[in-house]
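Shown next, in structure tokens, is the structure this report addresses.
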Amino acid sequence: MVAKFSTPSRPPMLMVAFLPPAGKEAEVNWVCLEESHQIQEITWNIHTLHPPPELDNPHYAGLDFEAILLRPTQAPEQTKFPLVVTPHGGPHSVFTISWMLYPAVLCRMGFAVLLVNYRGSLGFGQDSVASLPGNVGIQDVKDVQFCMEQVLQKEPLDPQRVALLGGSHGGFLSCHLIGQFPTTYKACVARNPVVNMASMVGSTDIPDWCLAEAGLPYDPSALPDPREWTEMLLHSPMQYVDKVQTPVLLMLGEEDRRVPPKQGLEYYRALKARGIPTRVLLYPGNNHSLAGVEAEADGFMNIAQWLIQHMK
């Protein structure tokens, strides 16, 4: 067996072992082929969140969720860390306690990073997954905001310097949060965000996602009816664009078929028309992941500059 082992503060190590006989699996002896070292300057922990009754889902009551917080180990005297809140994409995905480059580098730059596994994430049971369709833009948004507020009370973090960083559904949530809580966040970075499910359904390679996550049935042979178009729009960040005050950096893959770049451009034009500081970066030859070498390098440098500029 070959396996990879890492933590949020330890880059991956390559491990190998032989599968033991049946019944003796606990005796497996792992050998490290490629060593890595703990980054002492990064501290991380897990926060378990218990939504209050007013945030409970009446059909799936009592669900908890978790978040992973990375922060610099040493705090400057009488100084609190700026916080970057990062909800994952999917929405049915999850942050695990493994190595993630962007959070680790941001942490070494002096930021704390909050990775939120809101209700609907994988790994917390089927009820958690099932609780979210029909409630996107509502339950998940409230979970991220509640998580951020709770962590601010428990950790040495600066409530006046909080930003958002998210991609895909994480970008969807980031754009929702700056619209629903317009005075909370000092900066927002959204990578290939969903901003209008109603306009996305006709051009994405996953039209079923737009309907299913809005709580609607999907029929590949039929167009949505007017009620369904309206419902998708009401679940989308675009309905709150008039309330946005936060500077927004949009990063878009020109070849993205999952969340076509016109989603980000639609948001960009709406924000520019309202006088909100906004910048768009369009990456040719890149799809939804923005994983090209040049896009990764240019993208992270611009993320860092945007956060530093607006969180002084």
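Filter region 40-54 down to the residues that are touching a helix residue (DSSP H, G or I) at 6+ places or on another chain (Cβ under 7 Å), open to solvent by less than 60 Å² (accessible area, probe 1.4 Å) and part of a loop (DSSP other than H, G, I, E, B) and list them by number. Before you say what the answer is, go through the steps one by one.
Step one: of region 40-54, the residues touching a helix residue (DSSP H, G or I) at 6+ places or on another chain (Cβ under 7 Å) are 41-42, 47, 49, 51.
Applying the additional criterion that residues be open to solvent by less than 60 Å² (accessible area, probe 1.4 Å) yields 42, 47, 49, 51.
Across region 40-54, the qualifying residue is only PRO51.
What pairs come up if the first residue lies in region 8-23 and is among the acidic types (Asp, Glu), the second is part of a loop (DSSP other than H, G, I, E, B) and loosely packed, with under 12 Cβ neighbours inside 10 Å, and their beta carbons are under 9 Å apart, counting only those six or more places apart or on different chains?
Here the result reads none, with nothing in region 8-23 linked to a residue that is part of a loop (DSSP other than H, G, I, E, B) and loosely packed, with under 12 Cβ neighbours inside 10 Å.
Looking at region 262-277, I want the residues that are free of Cβ contacts under 8 Å to residues at least 24 places away in the same chain and have a partner that is of a type outside the set (Lys, Arg) with Cβ atoms under 6 Å, at least 6 apart or on another chain. Which pairs are those?
Pairs found: TYR268/LEU250; TYR268/THR278; TYR268/VAL280; LYS272/THR278.
Taking region 64-78 on its own, how many of its residues are surrounded by fewer than 20 Cβ atoms within 10 Å (Cβ to Cβ) and either under 17 Å from ASN135 (Cα atoms) or in contact (Cβ under 8 Å) with a residue 12 or more places away in the chain (or both)?
In the first step, residues of region 64-78 are kept if they are surrounded by fewer than 20 Cβ atoms within 10 Å (Cβ to Cβ); the result is 64, 66, 72-78.
Cutting the leftovers down to either under 17 Å from ASN135 (Cα atoms) or in contact (Cβ under 8 Å) with a residue 12 or more places away in the chain (or both) gives us 64, 66, 72-75.
Qualifying residue count, region 64-78: 6.
A quick yes/no check of all residues on (1) under 20 Å from the mean Cα position of the chain (by Cα); (2) under 20 Å from GLY125 (Cβ atoms); (3) at pLDDT 95 or above:
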{"residue": "PRO11", "(1), (2), (3)": "no, no, yes"}
{"residue": "LEU49", "(1), (2), (3)": "yes, yes, yes"}
{"residue": "GLU66", "(1), (2), (3)": "yes, yes, yes"}
{"residue": "GLN74", "(1), (2), (3)": "no, no, no"}
{"residue": "THR86", "(1), (2), (3)": "yes, no, yes"}
{"residue": "PRO91", "(1), (2), (3)": "yes, yes, yes"}
{"residue": "PHE111", "(1), (2), (3)": "yes, no, yes"}
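Can you tell me which residue in region 124-149 is most open to solvent (accessible area, probe 1.4 Å), limited to those that are under 20 Å from TRP209 (Cβ atoms) and not in a helix (DSSP H, G or I)? Full working, then the answer.
The first filter runs over region 124-149 and keeps only residues under 20 Å from TRP209 (Cβ atoms), leaving 126, 128-141, 143-144.
Remaining after also requiring not in a helix (DSSP H, G or I): 131-138.
Numbers: SER131: 1, LEU132: 0, PRO133: 53, GLY134: 23, ASN135: 48, VAL136: 1, GLY137: 5, ILE138: 74 Å².
By that ranking, first place goes to ILE138.
For region 18-32, how many residues are surrounded by 10 or more Cβ atoms within 10 Å (Cβ to Cβ) and either part of a strand (DSSP E or B) or at pLDDT 95 or above (or both)?
So the answer is 1.
Scan region 279-295 and report the pairs whose first residue is closer than 20 Å to GLY90 by Cα and whose second residue is at pLDDT 95 or above and aromatic (Phe, Trp, Tyr), with Cβ atoms within less than 7 Å and a gap of 6+ or a chain change.
Between residues of region 279-295 that are closer than 20 Å to GLY90 by Cα and residues that are at pLDDT 95 or above and aromatic (Phe, Trp, Tyr), the close pairs are LEU290/TYR283.
Go through region 88-123 residue by residue and tally those that are open to solvent by 60 Å² or more (accessible area, probe 1.4 Å) and aliphatic (A, V, I, L, M). Talk me through it step by step, then tell me what you get.
Kept after step one, since they are open to solvent by 60 Å² or more (accessible area, probe 1.4 Å), are these residues of region 88-123: 96-97, 99, 101, 108-109, 122-123.
After this cut, where a residue has to be aliphatic (A, V, I, L, M) as well, the list is 97, 101, 109, 122.
The number of residues fulfilling the criteria is 4.
The values are calculated or read from the model by the stated rules, or taken from the named source; none is laboratory data. From a predicted model like this one, the values you see are computed outputs, not experimental measurements. Heads up, the Cβs are rebuilt from the backbone with ideal geometry, glycines too, and the neighbour counts pull from every protein chain shown. Remember, those area values only see protein heavy atoms, side chains included, never the ligands or the DNA or RNA. Shrake-Rupley method; radii C 1.70, N 1.55, O 1.52, S 1.80 Å.
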